[in-house]
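The values are calculated or read from the model by the stated rules, or taken from the named source; none is laboratory data. Quick caveat, the model's predicted, so the values are computed rather than measured. Reconstructed Cβ throughout: ideal geometry from the backbone, glycine too, with neighbour counts over all protein chains shown. Ligands, DNA and RNA are excluded from the accessible area calculation, which covers all protein heavy atoms including side chains. Shrake-Rupley method; radii C 1.70, N 1.55, O 1.52, S 1.80 Å.
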There are 2 protein chains.
Amino acid sequence: MADLKTFFHPRSVAIVGASKKPGKIGNAIVKNMISCGYPGRIYPVNPREEEIEGLRCYPGITEIGESVDLAVVAVPAGRTIAVAQECGLAGVKNLVVITAGFKEVGREGLVLEKELTRICKSFKMSMLGPNCVGMMDTHVPVNASFSAVFPNRGNIAFISQSGAMLVAILDWSLTAGMGFSHVVSLGNKADLNEADFIANAAGDPHTKVILCYIEDVARGKQFLEVARAASRKKPVIILKSGTSQAGAQAASSHTGALAGSDLAYETAFRQSGVIRARTMGELFDLAVAFAHQPVPAGNRVAVLTNAGGPGIITTDQIEKSHLAMARFSKETSTALRENLPPESAIYNPVDVLGDAGVDRYRFALEKVLDDRSVDSLVVLVCPTAVTDPENIARTVLEAHHRHPEKPVFAAYMGGKTLESGTKLLTAGGIPCFTFPEPAVNVIRGMVHYSRVRALPEKEEEMTFPEINRQPVEELFHRVREEGRLTLLGSEATRVAENYGIKVSPMVLATTPAEAAGMAREMGFPVVMKVASPKILHKTDVGGVKIGLNSPEEVKEAFIHITENVQRYLPDVVIHGIEIQKMMPKGTELIIGMTRDVQFGPLIAFGLGGIYVNLLKDVSFRLADGLTRREIAAMIAETKAHTLLRGYRGEKPADMDALINMIGRVARLVTDFPQIAEMDINPVFAYPDGACALDIKITIS
Amino acid sequence: MADLKTFFHPRSVAIVGASKKPGKIGNAIVKNMISCGYPGRIYPVNPREEEIEGLRCYPGITEIGESVDLAVVAVPAGRTIAVAQECGLAGVKNLVVITAGFKEVGREGLVLEKELTRICKSFKMSMLGPNCVGMMDTHVPVNASFSAVFPNRGNIAFISQSGAMLVAILDWSLTAGMGFSHVVSLGNKADLNEADFIANAAGDPHTKVILCYIEDVARGKQFLEVARAASRKKPVIILKSGTSQAGAQAASSHTGALAGSDLAYETAFRQSGVIRARTMGELFDLAVAFAHQPVPAGNRVAVLTNAGGPGIITTDQIEKSHLAMARFSKETSTALRENLPPESAIYNPVDVLGDAGVDRYRFALEKVLDDRSVDSLVVLVCPTAVTDPENIARTVLEAHHRHPEKPVFAAYMGGKTLESGTKLLTAGGIPCFTFPEPAVNVIRGMVHYSRVRALPEKEEEMTFPEINRQPVEELFHRVREEGRLTLLGSEATRVAENYGIKVSPMVLATTPAEAAGMAREMGFPVVMKVASPKILHKTDVGGVKIGLNSPEEVKEAFIHITENVQRYLPDVVIHGIEIQKMMPKGTELIIGMTRDVQFGPLIAFGLGGIYVNLLKDVSFRLADGLTRREIAAMIAETKAHTLLRGYRGEKPADMDALINMIGRVARLVTDFPQIAEMDINPVFAYPDGACALDIKITIS
């Protein structure tokens, strides 16, 4: 991971392509550097100027004669290569390349971008961009960007793949009262990418929340590692766009990025502990909440209101969000009953009634926050004749100070009447909404994060004895040499056996006598199927016989199947007949694998059988580093889990055997990148074990 | 339905309980009536005052000596009965009872409320409330409420079961720039309820959108009829709270309302064409959109942006909302390609780039709106150095005026910089959001409504020949006389047969010989089951035999079953043994019915078999007035539908037979309110027909 110390805290900044002309990007950057109050030295570089904005201007980076930590490059694209070269020679440590006209404009730009990146790497210079707005840090402070807005100081790090959105958000943040520790416009991510900045922000003492807008990730594996580690320290909240098919098209036409499928991103975010925002509104609501409020200890929410209707709406939203309504202790209920008017609702939600003044709010606030069964609180205020929104706000702030460990949110439902109260709360760090639902959404995100944070940073990896890699390697080699990409059932069975995946025995026989001998060896009854990857519907051509109970039946079936297939499909090559031991019926499951370009193999688990695609009862996990805990969670997400726990009086299935089998499949597909796709359908789960019945493996 | 002409347009208003004292509700109402500019006569009534707020005060309603269209009552609860009586005698046409202390405070209040309602009915007076904030109409204008805020004139009718929320929203509406035609605080709905006001608003020329916040409906059937008719004319948007279990508890403890299950509401809203808002934000976003924008002709959305990222986010949201990205005509694409800079994105979303001035926006706006494949448009603006948000706003308004039939929405992503543009758009009726997602949500709601509006007001009801009500009536009577609530399988079969529901024959035999004869008559193979509603798991006690192929087997099975059951459950009464013809296996479905206190019978349809509760592939419709179109839609919502259309090469099922069966079940449970619950599981669907296998009916 890049060390970004000198990037964010440069002792000196050069602006290559600095300009005297207002409105030019090269002028805006110089002005921004000056006006932000940057404490280091600023060197405008332009061979045609002597002085810019009161600063001495240098003809070239090498002429500065002092070490430069960061150079902001705003020259035409064609000049960037030479400039980077000069910067490298002059010992510049970091580049911010503002210039556009690279990957995003097509092939030629991509070539230019690769050359630029190569030069940076050869000089060990870090590079942000190209094609970006730049970078700002409010604590240094430094403003190496052409943004018209410099944000308020705060504790949110914002990393954006869209420069325009970054600027829009900074503009909006001033009105919304949000503050940032630093903001980064990623641009084309030719060198530094979101993972570098997430890792840096995780270690940055000024940053409490890491916020990202991305359209793709640069490197899946790196991202996963960084996001997992960062999430254990601070919330990492990401809005990832390009989720839809049409969205992905827009993404690739826009940034030239290869957008992975959304399923892989969804899985990667969940598995690494990233909080995924669904909308821009949610992204910033979460950011502000985490910036100013503590993470709740649990999911029990209390609601305090001066009107019934909004209380009900809030309660509904809490239930919909799978949070819990706090159940107050007897002490709390008694205190509320004895001190509030008799018409008040004293259970959660607490309704202090429309005529509640500050004192009644204060009393209820304190009692509710004192209650140990309350993890977070939503305070609702509707304007009535006696409502004093400003002093209620002060009371809420006071109550929160007494319990700084419990997050508090407000919904002030009204307009001008409540404005001063809303401002007081916002300034005091209590997010205040117009309607209650967003407050509950934010709590849901925070509760989710409280669980992420509680996870161990490193989890024990699963280890598997009895894995024989070599025979599998050889088998794949041989299949490919034969010009095939699909394994025969008996071959896939061999692969599974070598990875300790319990599978119903299957062998390939080439003569009736061989078949009979093999069947006797594995034990009756057996199934026989014609072995030919070209035949998709084996039953339709008489290529399958089930329930064979003796050597004689097996011999007869061998002849029959061969005749049938030859009659229906005279031109198809038959590898022989596969004999498989029939297994007792268990719960039908599927374990599968599909490969994502960005994140590698994805493991699927769910209800198996012929209705897999109809029922869609499947959950996913990335195979890489899959832990026992994640596999158990993966199983628990499915309806299959209900069956496996013992549905309608059945015995529960052997979960350990299933977890083990999924773990081994994950290991297999991680060990062999040449496995393009894999399906085990069905897997039979039993009270004492599990067994793979039908395995399909395609290699590439 | 109540005629509310004199209610909303009273020629004279009396305030009974008028007060001189500022801060008193009786004073606020008089002031509100005066200050709103009410053109009719105002009569304060209070025996202790001569004059209030400059108006002559009357000692009693009867002393006014002139006819009073509307009396607002703000006397203590104990006095309301006498006041209502006086009002009735004086010929008052409508009451608005502000006073609280009725149903919401318990049993005593309920008695009082019933008496009040009785008096109103006896004088044919309409009554709003009790326990409400009142009513306002901005077009008359009249303000018969104690609300501190009088809203702007507009075309949204707002009906709220929560008075506090009504006031909060009015307060907020002034800031948000919303206008209302009239607003109603429903209170306890002792007489006038949401259905009365929806029906009235549907016919009100000043109202374009009907907005409701409700916690329950007063009368299900009335609501359905009114909502269905109103929805064909104007959008009816409802936020219904108390959806969750905890929410429902809060609802009943608050208003004493008996909240129906959310499923019934969800179904009732959908079936009547109501647009259900999920959050308060959505409720008002939709209201504003419908108030000012036309309903789109279709679901094809165009996006115009000056920045890539937000364009992608908008595209994602469109896909997630099951809307379509418009595909431009060749003419549009060519014009955009030839006139926009080469780096622009000319397909949807159109990206006019960060340096776009007003002219470029104008050109793209016109071309996109001219395109016949565009039904609605979202315009995005991010602040850049050259962005002119105000003039872009003017251009958007102009473009919209050229195509008033296409709804246009804006997202101005930023703060202060964009404020003037945002204001211009809002004032011009174009909803302008900070982030793009809510704009797309609103379009989704509007597209949904365009489909509702296109439905015929009256749909053909299904008619069923060969229905014999009388035998079913008698059967239920007999079962109840026997002290049972659960029908035997053979009885349920009889019920189905009498309603023309195709069912596999089942009869009850009491001797082995009778059983053998019956089996011979229906044809082999048959199934035999012990007939006893007390035995839940018949298989476990040896009470079931399947695949019986001859009279001898039947006789033997009869004896075996009887012995088995007597051994296991010696004390249980056995009605005999039921013989059922075995049917060939078809697609396993369920058709069921559960009864809602508010909306009556709900029909369920979906995948049947033993995994019904696990798979949860079930859709619902209200039985009342169920049409062929609704049944087809109900089937189409399920995964079962995929099977029925012919999955994996199977023959498609006989949809007509299924629709007919569902229609007959709906008719049966509508005809017989005494059927409490009914389950047909499984129903077998075949390519040529459908057959009910196992019918359970419980009566009450």
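Structure notes:
- Amide H contacts of B:Ser145 (H built 1.01 Å from N, under 5 Å, at least 5 apart or other chain): B:Met135
- Ordered from longest to shortest, the equivalent ellipsoid semi-axes for the stretch A:521-650 are 36, 20, 13 Å, each the square root of 5 times a Cα gyration tensor eigenvalue.
- On the principal axes of its alpha-carbon atoms, the stretch A:295-454 has extents of 45, 35, 28 Å, going from largest to smallest.
- Extent along the principal axes, Cα only, for the stretch A:469-581: 37, 33, 21 Å, with the longest axis given first.
- B:Gly523 label point (Cα plus 7 Å toward Cβ) to equivalent points in the other copies: 4.4 nm, shortest first.
- Comparing the full protein assembly with the isolated chain (1.4 Å probe, heavy atoms, ligands and nucleic acids excluded), the residues of the stretch A:389-428 losing at least 40 square angstrom of accessible area are A:Met413.
- Compactness of chain A is given as radius of gyration and Dmax, 32.0, 101 Å, from Cα positions.
- Taken over the stretch B:587-699, the percentage of Cα pairs per 10 Å bin, counting from 0 up to the bin with the maximum distance, is 15, 51, 29, 4, 0.
- Average other protein chain Cβ within 10 Å of Cβ, residues B:277-284: 5
- Here is how far apart the A:Glu66 label points are across copies: 8.8 nm, shortest first, using a point 7 Å from Cα toward Cβ.
- Intensity falloff of the stretch B:431-512 expressed as log10 I(q)/I(0), Debye formula with alpha-carbon point scatterers, at q = 0.15, 0.20 Å⁻¹: -0.71, -0.98
- Counts of other chain beta carbons within 10 angstrom of each beta carbon in peptide A:302-310 average 6.
- Of A:Lys534/A:Lys639; A:Lys529/B:Lys538; B:Lys406/B:Lys639; A:Lys581/A:Lys616; A:Lys208/B:Lys240; B:Lys31/B:Lys103, those spanning more than 32 Å from alpha-carbon to alpha-carbon: A:Lys534/A:Lys639; A:Lys529/B:Lys538; B:Lys406/B:Lys639; A:Lys208/B:Lys240
- For A:Leu95, residues with placed amide H under 5 Å, excluding near neighbours: A:Ala71, A:Ser126, A:Met127, A:Leu128
- When a 1.4 Å probe is rolled over the protein heavy atoms, the share of accessible surface on the protein assembly as shown that falls to carbon and sulfur comes to 52 percent.
- Nonlocal amide H pairs with B:Ala623, under 5 Å, H built at 1.01 Å: B:Leu602, B:Ile603
- Computed from backbone phi, the HN-Hα couplings of the stretch A:88-99 come to x, 4, 7, x, 5, 8, 9, 10, 10, 9, 6, 3 Hz, rounded to whole numbers (Karplus: 6.51 cos²θ - 1.76 cosθ + 1.60, θ = phi - 60°; Gly and Pro given as x).
- Residue by residue, the stretch B:66-82 carries 3J(HN,Hα) couplings of 10, 6, 10, 7, 9, 10, 9, 10, 9, 9, x, 3, x, 8, 4, 4, 4 Hz when phi is fed to the Karplus relation 6.51 cos²θ - 1.76 cosθ + 1.60 (θ = phi - 60°); x denotes Gly or Pro.
- When the surface is traced with a 1.4 Å probe over the full set of protein chains, B:Val544 keeps roughly 50 Å² accessible.
- Looking down the axis that turns chain A into chain B, the chain A residue with its beta carbon nearest that axis, and the gap rounded to whole angstrom, comes out as A:Leu615, 3.
- Rounded Å value of the spacing that divides the Cα centres of the stretch B:30-86 and the stretch A:342-392: 35 Å
- Fraction in percent of alpha-carbon pairs per bin - 10 Å, the stretch A:1-131: 13, 46, 33, 7, 0
- Accessible area in square angstrom per residue, chain B, 1.4 angstrom probe: 40 Å²
- Beta bridge orientation in the protein assembly as shown: antiparallel %, DSSP, nearest 5: 50 percent
- The mean count of C-beta atoms from other chains within 10 Å of the C-beta of residues in B:158-164, rounded to a whole number, is 5.
- Rounded tilt (10° steps) of B:512-522 against the dominant C-alpha axis of chain B: 60 degrees
- Taking 18 Å as the limit for the C-alpha separation, the pairs A:Lys423/B:Lys24; A:Lys124/A:Lys234; A:Lys221/A:Lys696; A:Lys233/A:Lys458 exceed it in the case of A:Lys423/B:Lys24; A:Lys124/A:Lys234; A:Lys221/A:Lys696.
- Across the stretch A:147-292, Cα-Cα distances exceeding 27 Å account for 14% of all pairs.
- Percent of Cα pairs in the stretch B:314-362 per distance bin of 10 Å, from zero to the largest separation: 24, 46, 28, 2.
- Span from the the stretch A:109-148 Cα centroid across to the the stretch A:632-652 one, whole angstrom: 51 Å
- 11 Å beta-carbon shell around A:Ala324, net charge (K/R +1, D/E -1): 0
- With label points defined 7 Å past Cα in the direction of Cβ, position A:Asn549 shows copy-to-copy spacings of 1.6 nm, given to one decimal and shortest first.
- If the convex hull is drawn through the Cα atoms of the protein assembly as shown, its volume per residue in Å³: 218 Å³
- Local net charge near B:Val140, Cβ-Cβ under 12 Å (Lys/Arg +1, Asp/Glu -1): 0
- Within-10-Å neighbourhood charge of B:Thr486 [Cβ basis; K, R +1; D, E -1]: +1
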